[in-house]
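Shown next, in structure tokens, is the structure this report addresses.
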Amino acid sequence: MKARFLIPVGIFIALAILLGVGLTLDPREIPSPFIEKSAPAFELPRLHDSSVNLTPEDMKGQVWLLNVWASWCAACRAEHPVITALADTGEVNIVGLNYKDEPPDAIRWLQQFGDPYLASISDLEGKVGIDYGVYGVPETFLIDQQGVIRYKHIGPISYEAMNDKILPMIRELKARSS
Amino acid sequence: MNLLRKLVRQCSLLTLLWLMPVSAVNAAIEVHGFDDSRKEAIYKELIAELRCLVCQNQNLADSNAALALDLRQQTYDMIKAGAAKDDVIEYMVNRYGDFVLYRPPLRIATLVLWFGPFVFLAISLIGLRRHIHSRSQAKDAGFSSKDLERAERLLSQNRPDKAP
């Protein structure tokens with residue numbers, strides 16, 4: 001008789017745990033199907049010199065970040081100091097994927113706010129973005145020395161995300177290969 | 001009087017003329033034409049079944065987002081080039097995961113999603129049945145005949161006009 005009355009309490013606790021975990025999740029975040037898979041191939045012209053192309057092959061052998069940005073994207077403006085901080089650590093090179101932008105606008109944006117990128121490449125029509133499953137700007141991919149995507153950050157990178165997630169992952173990947 | 005009527009008629013004609021283009025329904029933002037009606041049917045099915053990942057409650061057909069425009073274009077290009085419906089679905093799922101489909105595929109991971117509601121319904125129906133059963137049984141949890149007599153006496157006491 002006594003144990004039966006604990007059933008509603010038990011159901012409540014189980015439900016509370018389930019919903020509590022749910023509160024920490026973001027239902028709008030779509031997990032990338034590319035984690036632990038090879039970075040999709042592309043060949044795009046460099047922003048500052050459209051006669052030269054860049055491919056993921058050129059970045060093999062190092063841990064790098066592919067940061068999707070655009071001059072029309074307000075959140076990219078907000079993220080810019082963090083990207084600059086990441087570049088300033090000297091621990092990682094960042095390639096900018098200039099997504100559906102006008103090259104003159106993009107160049108001007110970088111001149112105005114600073115250029116933290118090793119290079120930026122122009123994805124004028126967003127085709128490479130689709131190949132990478134980009135559905136919003138900014139997004140950032142962490143790619144290892146073998147060209148495998150290890151992590152995708154959706155939305156602007158915060159200082160917390162940089163220090164707690166991205167930098168540790170970069171260091172771990174570097175340590176693994178050496 | 002005649003002049004006034006003429007004026008009114010002209011004004012109403014003009015108004016009608018202005019209203020004409022506004023009343024045209026804008027069904028699509030871009031025009032994707034097909035020569036083959038079968039391909040057109042596949043295209044229409046696909047953009048109704050694929051989710052817009054920006055406005056995640058709309059399908060590609062309804063969404064005005066830039067990404068939806070791009071994905072509709074991609075779908076159109078693929079269908080026009082002769083791709084099958086499954087090819088386009090595979091292309092989208094490879095890049096965006098299962099969430100891009102409005103109908104989640106039947107996999108082990110989605111078994112709970114597909115059959116969960118029916119299981120819950122079954123459990124609650126069984127629970128309800130047992131509850132009703134136990135209540136109807138509790139009703140007949142007999143009182144002794146002595147208690148019944150006492151109850152009758154008490155009830156008839158409050159009603160002196162009724163015979164016990």
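The values are calculated or read from the model by the stated rules, or taken from the named source; none is laboratory data. Keep in mind that this is a model prediction, so the values were computed, not measured. Positions of Cβ are backbone-derived with ideal geometry, glycine not excepted, and every protein chain shown enters the neighbour counts.
Odds and ends about this structure:
- Residue, nearest to the other protein chains (Cβ to nearest Cβ), within segment A:26-42, restricted to residues that are more than 16 Å from B:GLN56 (Cα to Cα) and out of contact with any Phe, Trp or Tyr (no Cβ under 9 Å at 6 or more places or on another chain): A:LYS37
- Segment A:101-129, residues that are within 14 Å of chain B (Cβ to nearest Cβ) and in contact with a helix residue (DSSP H, G or I) (Cβ under 6 Å, 6 or more places away or on another chain): A:ASP123, A:GLY126
- Among residues of segment B:64-90 that are over 16 Å from A:LYS127 (Cβ atoms), those with a beta-carbon under 6 Å from a residue that is not hydroxyl-bearing (Ser, Thr, Tyr) at least six positions away or on a different chain give the pairs B:ALA65/B:CYS52; B:ALA65/B:VAL54; B:ALA65/B:CYS55; B:ILE79/B:LYS39; B:ILE79/B:ILE42; B:LYS85/B:ILE42.
- The number of residues in segment A:20-67 that are among the polar types (S, T, N, Q) and within 27 Å of A:ALA175 (Cβ to Cβ) comes to 5.
- Any hit, segment A:45-56, residues being acidic (Asp, Glu) and part of a helix (DSSP H, G or I): no
- Residue that is surrounded by the fewest Cβ atoms within 10 Å (Cβ to Cβ) [pool: residues in segment A:127-166 that are closer than 25 Å to B:LEU71 by Cα and aromatic (Phe, Trp, Tyr)]: A:TYR151
- Segment A:92-109 - residue that is closer than 16 Å to A:VAL137 by Cβ and assigned to a helix (DSSP H, G or I) and, of those, farthest from the chain's Cα centre (by Cα): A:ASP105
- Breaking point among (1) within 30 Å of the chain's Cα centre (by Cα); (2) away from chain A (no Cβ under 14 Å); (3) surrounded by 10 or more Cβ atoms within 10 Å (Cβ to Cβ), for B:HIS133: (1)
- Some residue of segment B:93-107 being modelled with pLDDT of 90 or more, over 19 Å from the mean Cα position of the chain (by Cα) and either away from every other protein chain (no Cβ under 14 Å) or over 20 Å from A:ARG28 (Cβ atoms) (or both): yes
- Restricting attention to segment B:2-43 and to residues that are closer than 30 Å to B:GLY82 by Cα and hydrophobic (A, V, I, L, M, F, W, C), the residue that is modelled with the lowest pLDDT turns out to be B:ALA27.
- There is at least one residue in segment B:84-91 that is surrounded by 12 or more Cβ atoms within 10 Å (Cβ to Cβ), over 27 Å from A:ILE149 (Cα atoms) and of a type outside the set (Val, Ile, Thr).
- Residue match in segment A:148-156 (condition: part of a helix (DSSP H, G or I), touching a residue at least 24 places away in the same chain (Cβ under 8 Å), within 14 Å of chain B (Cβ to nearest Cβ) and under 13 Å from the mean Cα position of the chain (by Cα)): no
- All positions within segment B:46-83 that are surrounded by fewer than 14 Cβ atoms within 10 Å (Cβ to Cβ) and away from chain A (no Cβ under 14 Å): B:ALA48, B:ASP62, B:ASN64, B:ALA81, B:GLY82
Matching residues to (1) more than 17 Å from A:GLY155 (Cα to Cα); (2) in contact with a Leu (Cβ under 9 Å, 6 or more places away or on another chain); (3) crowded, with 20+ Cβ neighbours inside 10 Å:
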{"site": "A:SER51", "(1), (2), (3)": "yes, no, no"}
{"site": "A:GLY61", "(1), (2), (3)": "yes, no, no"}
{"site": "A:TRP72", "(1), (2), (3)": "no, no, no"}
{"site": "A:ALA87", "(1), (2), (3)": "yes, yes, no"}
{"site": "A:GLY90", "(1), (2), (3)": "yes, no, no"}
{"site": "A:PRO103", "(1), (2), (3)": "yes, yes, no"}
{"site": "A:GLU125", "(1), (2), (3)": "yes, no, no"}
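- Filtered by the rule that a residue be without any contact (Cβ under 8 Å) to a residue 40 or more places away in the chain and of a type in the set (Asp, Glu), segment A:121-147 gives a lone residue, A:GLU125.
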